[in-house]
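These notes are about the structure you will find just below.
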Amino acid sequence: MAQNMARRRVVLVQILALALAAVMPLLSGGVDIQQVRVLAAKFNVTCVVVFGDSSVDPGNNNYIATPFKGNFLPYGKDFFRGHPTGRFSNGRLATDFIAEALGYTNEIRPFLNKRLRPVDILHGVSFASAASGYDELTANLSHVLPVSKQLEYFREYKMRLRQLVGARKAENIIKNAVAVMSMGTNDFLQNYYLEPIRPKQYTLEEYQNYLASCMSDDVKTMHSLGITRLVVVGVPPLGCMPLVKTLMNQETCVEKYNNFSSSFNSKLQFKLEVARTTLGMKIGYVDAYGIFEDAVNNSKKYGFIEASKGCCGTGTIEYGDTCRGMSTCADASKYVFWDAVHPTERMYEIIAGQAIDSLRKQLMA
């Protein structure tokens, strides 16, 4: 009987490989989608669960009392059905492309969606909340979900998963899931550089260390909840955001902001290396800084024609509610930024390609 089951598994993988041979690559960067899916089957990757901010929030903020929402046009104008979902982009996010590449679903759904289906629970969901950060205060200032609340919802997700498939299978699904964590931008732009509380308590470097420690504590909690595979996305070069350049009255990237972005990413990576050693987790890192920097400096390489401003409105100051009802550029796929802060679907696709490469090299090797 065991031999028959093993034979069936081999046949299933072979069928999967044949079926995927006809699939065109979805992502840039030379990622072999067929290879990724076969590896995902080989290493029994079960689903994707997501934590973070607007970079990975597919619409959880639609269901909470906060002004930080993206559930209105022109957000979502290039999504599958051409309507806003709560994603802060013209279309899909990096995590949507990651889930698709692994063979699960072409859109990760928000956990707070009232019409969440059993298949969504099985494929994985996002607990992320736009305007959140590693610092609990960052989320509280914006009335969104802090990481502690996102992890509380993850516990609820595990209960629903157990009700669906039983305790043993649920634990196995969590153990073999890939968790994605992406945040940090708001801790600086919406908190440290905007509110007086943290600057009175910490120097910039001390605050970076504090955030890195918060991230480390979050990773430990995830591990205690059964997560063994994690991908962490670093912060982008904040000085290249159109909004930051506008506020600082600069046409080029603001070096000061880029320097502390890079410095913070180094601190994150150090903490992640410690977590790999002490917790025994498989942890991948996505160099969002390097990806954005290359796209901004070598835009033609990726097919972009505009890397200095966003597609929405003037592209220099509009994001969130100030983007509501604004006119947009003719082709967002030619722009790095959708609004003055957030990337376009095309840029998210490029980020996803790097994330999947990290998955392949660091989590499924």
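The values are calculated or read from the model by the stated rules, or taken from the named source; none is laboratory data. Keep in mind it's a predicted model, so treat the numbers as computed, not measured. Every residue, glycine as well, gets a Cβ built from its backbone with ideal geometry; the counts of neighbours run over all protein chains shown. Surface areas here come from the heavy atoms of the whole protein model, side chains and all, with no ligands, DNA or RNA. Shrake-Rupley method; radii C 1.70, N 1.55, O 1.52, S 1.80 Å.
Just a few scattered comments:
- Picking from residues in the stretch 148-182 that are basic (Lys, Arg), over 13 Å from Thr46 (Cα atoms) and free of Cβ contacts under 8 Å to residues at least 40 places away in the same chain, the one that is most open to solvent (accessible area, probe 1.4 Å) is Arg168.
- Answer residue from the stretch 272-300, given it is closer than 16 Å to Ile227 by Cβ and over 16 Å from the mean Cα position of the chain (by Cα) and is surrounded by the fewest Cβ atoms within 10 Å (Cβ to Cβ) among those: Gly280
- Residue pairs whose Cβ atoms lie under 9 Å apart, sitting 6 or more positions apart in sequence or on different chains, and linking a residue in the stretch 316-344 that is free of Cβ contacts under 8 Å to residues at least 12 places away in the same chain and acidic (Asp, Glu) to a partner that is open to solvent by less than 70 Å² (accessible area, probe 1.4 Å) and in a loop (DSSP other than H, G, I, E, B), are Asp331/Cys311.
- In the stretch 77-107, the qualifying residues are those that are touching a Lys or Arg at 6+ places or on another chain (Cβ under 6 Å) and modelled with pLDDT of 95 or more, and the one that is nearest to Val144 (Cα to Cα) is Leu93.
For every residue, the table says whether it meets (1) surrounded by 14 or more Cβ atoms within 10 Å (Cβ to Cβ); (2) aromatic (Phe, Trp, Tyr); (3) under 23 Å from Arg276 (Cα atoms).
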{"residue": "Gly184", "(1), (2), (3)": "yes, no, yes"}
{"residue": "Lys200", "(1), (2), (3)": "no, no, no"}
{"residue": "Val219", "(1), (2), (3)": "yes, no, yes"}
{"residue": "Met222", "(1), (2), (3)": "yes, no, yes"}
{"residue": "Thr228", "(1), (2), (3)": "yes, no, yes"}
{"residue": "Pro237", "(1), (2), (3)": "yes, no, no"}
{"residue": "Val244", "(1), (2), (3)": "yes, no, no"}
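- A search for C-beta distances below 6 Å between a residue of the stretch 100-121 that is without any contact (Cβ under 8 Å) to a residue 60 or more places away in the chain and among the acidic types (Asp, Glu) and any residue that is buried (at least 20 other Cβ atoms within 10 Å of the Cβ) and not in a loop (DSSP other than H, G, I, E, B), counting only pairs 6+ apart in sequence or on different chains, returns Glu107/Asp96; Asp120/Arg109.
- Residues that are among the hydrophobic types (A, V, I, L, M, F, W, C) and surrounded by fewer than 22 Cβ atoms within 10 Å (Cβ to Cβ) within the stretch 124-147 comprise Leu137, Leu141, listed in sequence order.
- Each residue in the stretch 303-328 was checked for being surrounded by fewer than 20 Cβ atoms within 10 Å (Cβ to Cβ) and more than 23 Å from Asn62 (Cβ to Cβ), and 8 of them qualify.
- Qualifying residue in the stretch 254-266 (condition: β-branched (Val, Ile, Thr), under 25 Å from Cys312 (Cα atoms) and crowded, with 16+ Cβ neighbours inside 10 Å): yes
- Of the listed requirements (1) over 17 Å from Met222 (Cα atoms); (2) in contact with a Phe, Trp or Tyr (Cβ under 9 Å, 6 or more places away or on another chain), Leu141 misses just one: (2).
- All of Tyr134, Tyr104 fail the test of being hydroxyl-bearing (Ser, Thr, Tyr) and closer than 30 Å to Phe264 by Cα, apart from Tyr134.
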